[in-house]
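Structure first, commentary second.
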Amino acid sequence: MIFAERRKTPLLRLFIQMKKLLVLLAGWSLLASCGTDFNKPYSDTPTSGKVNIAGDETLEPLLDATADTFMGLYRYATLNVGYKSESACFRDLLNDSVKVILATRKLNQEEEKVFQSRNLIPVTTKVAIDALALIVNRENTDTLLRMEQLRQILAGNISHWKNINPSSSLGEIRFVFDNNGSSTVRFLSDSLMGGSTTFPAFCFAAKSNSQVIDYVEQNRNAIGVIGVNWISDKDDPKMLSFSKRIKVVWISTAKDPLYPDDYFGPFQAYLFTGDYPLKREVYMINREGRNGLGTGFASFMAGEQGQRIVRLAGLLPSSPYTRDIRLK
């Protein structure tokens, strides 16, 4: 049987046109809510294009290795990575100078309000657990320190090595960190000083983690604080050279530690067990609001390949992954 085509009356044609218009308007509304600009189409994808990224300077070796691996896998992707203090990284994220940052804290309430006022919801992804390492000169034999002693040093109550070890031949302690706006200073302030940012006169900034290592190497009475990934990648010749120039301090949280086993170093095993006290979480914060290159890189770092790089850098991966171990 042959069916005749139904005739479209003027009323039916009007109904069809109105239906198409409503669908079109709904699509435009959805895209507008996602921040899409049809006059300026995006040129990047999760694995191609260009994106600006800011990294906390204490995490430079980790971010360098991850970015280089990502660009090696995706040859059409360009990650323009800059390293700054923590405060500068968040400032760049707020003013849209960068789309993604790698930092050791989440957005605070004031920063979240700024993004909410712009109808933006940045995505925060935990990618690692990091440690701050205390380092001393190779000639210094005092490599065991109690947390209470560290608090007293930062409070100015302990200022000479003889206050720690009466037989020490060293003089006044020189405590050096990277810079005044760094995540290192914020962590020490929040964790050990009750939020105070007033340090004694023998504490000062050296501008970068590499300069902290240089200063400690050249000064017998110095204590430095750096991100552990600067000295923990055993496959990186540069990191190996750093670790050979200084000694790492082991820390105890016990009031009266009796044995060397009561002290713990800034290493993965003790980050995993929670025994090392100077540990902090690492986050990738992405403000793109779409599926661009920044989102692709953040997903890569949180995925299996990125987490393997985290492990090799000496940090504790935030996500477990399968490792094949063959016994012969």
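The values are calculated or read from the model by the stated rules, or taken from the named source; none is laboratory data. Please read these numbers as outputs of a predicted model, since none were measured by experiment. Note that each Cβ is placed from the backbone with ideal geometry, even for glycine, and that neighbours are counted across all protein chains shown.
Which helices (runs of 4 or more DSSP H) sit wholly inside the range 46-117 and have at least 2 residues that are under 22 Å from Ile129 (Cβ atoms) and among the hydrophobic types (A, V, I, L, M, F, W, C)?
60-73, 86-94
Which of the residues spanning the range 188-198 are assigned to a loop (DSSP other than H, G, I, E, B) and polar (S, T, N, Q)? Don't jump to the end; show me each part of the working.
Initially, the range 188-198 is screened for residues assigned to a loop (DSSP other than H, G, I, E, B), giving 193-198.
The answer is Ser196, Thr197, Thr198.
Limited to the range 62-72, what total is found for residues that are touching a residue at least 60 places away in the same chain (Cβ under 8 Å) and either out of contact with any helix residue (DSSP H, G or I) (no Cβ under 7 Å at 6 or more places or on another chain) or closer than 16 Å to Asp44 by Cβ (or both)? Reasoning before the result, please.
At the first step, the residues of the range 62-72 found to be touching a residue at least 60 places away in the same chain (Cβ under 8 Å) are 62, 65-67, 69-70.
Imposing the further condition that a residue be either out of contact with any helix residue (DSSP H, G or I) (no Cβ under 7 Å at 6 or more places or on another chain) or closer than 16 Å to Asp44 by Cβ (or both) reduces the set to 67, 70.
Qualifying residue count, the range 62-72: 2.
With respect to the numbered conditions (1) in contact with a Leu (Cβ under 8 Å, 6 or more places away or on another chain); (2) assigned by TED's automatic domain parsing to the domain that holds Cys203; (3) touching a residue at least 60 places away in the same chain (Cβ under 8 Å), which one is the sole condition not fulfilled by Ile153?
For Ile153, the failing item is (1).
Looking only at the range 58-77, how many residues end up being of a type in the set (S, T, N, Q) and at pLDDT below 95?
Of the residues in the range 58-77, the ones of a type in the set (S, T, N, Q) are 58, 66, 69.
Subset that is at pLDDT below 95: 58.
Of the residues in that region, 1 qualify.
Got a sec? Which of Tyr215, Tyr276 is part of a loop (DSSP other than H, G, I, E, B), modelled with pLDDT of 90 or more and touching a Gly at 6+ places or on another chain (Cβ under 8 Å)?
Numbers: Tyr215 fails: part of a loop (DSSP other than H, G, I, E, B).
Going through Tyr215, Tyr276 in turn, just one is part of a loop (DSSP other than H, G, I, E, B), modelled with pLDDT of 90 or more and touching a Gly at 6+ places or on another chain (Cβ under 8 Å): Tyr276.
So, Glu110, is that one surrounded by fewer than 22 Cβ atoms within 10 Å (Cβ to Cβ) and charged (D, E, K, R) or not? It would help to see each step written out before you state the result.
Working: surrounded by fewer than 22 Cβ atoms within 10 Å (Cβ to Cβ): yes; charged (D, E, K, R): yes.
Yes; evaluated as a whole, the condition is true for this residue.
Can you confirm whether the range 94-115 contains a residue that is of a type in the set (Lys, Arg), closer than 25 Å to Thr198 by Cα and more than 21 Å from the chain's Cα centre (by Cα)?
Of the residues in the range 94-115, the ones of a type in the set (Lys, Arg) are 99, 105-106, 113.
Next, from what is left, pick out any that are closer than 25 Å to Thr198 by Cα: 105-106.
Still in the running and more than 21 Å from the chain's Cα centre (by Cα): none.
Checked the range 94-115: no residue is of a type in the set (Lys, Arg), closer than 25 Å to Thr198 by Cα and more than 21 Å from the chain's Cα centre (by Cα).
Only one of these is of a type in the set (Val, Ile, Thr), in a helix (DSSP H, G or I) and in contact (Cβ under 8 Å) with a residue 12 or more places away in the chain: Val136, Val176, Val185. Name it.
Details: Val136 fails: in a helix (DSSP H, G or I); Val176 fails: in a helix (DSSP H, G or I).
Exactly one of Val136, Val176, Val185 is of a type in the set (Val, Ile, Thr), in a helix (DSSP H, G or I) and in contact (Cβ under 8 Å) with a residue 12 or more places away in the chain, namely Val185.
If you take the residues in the range 75-84 that are surrounded by 13 or more Cβ atoms within 10 Å (Cβ to Cβ) and in contact with a Lys or Arg (Cβ under 9 Å, 6 or more places away or on another chain), which one is nearest to Ser183 (Cα to Cα)?
Looking at the filtered set, the residue picked out is Lys84.
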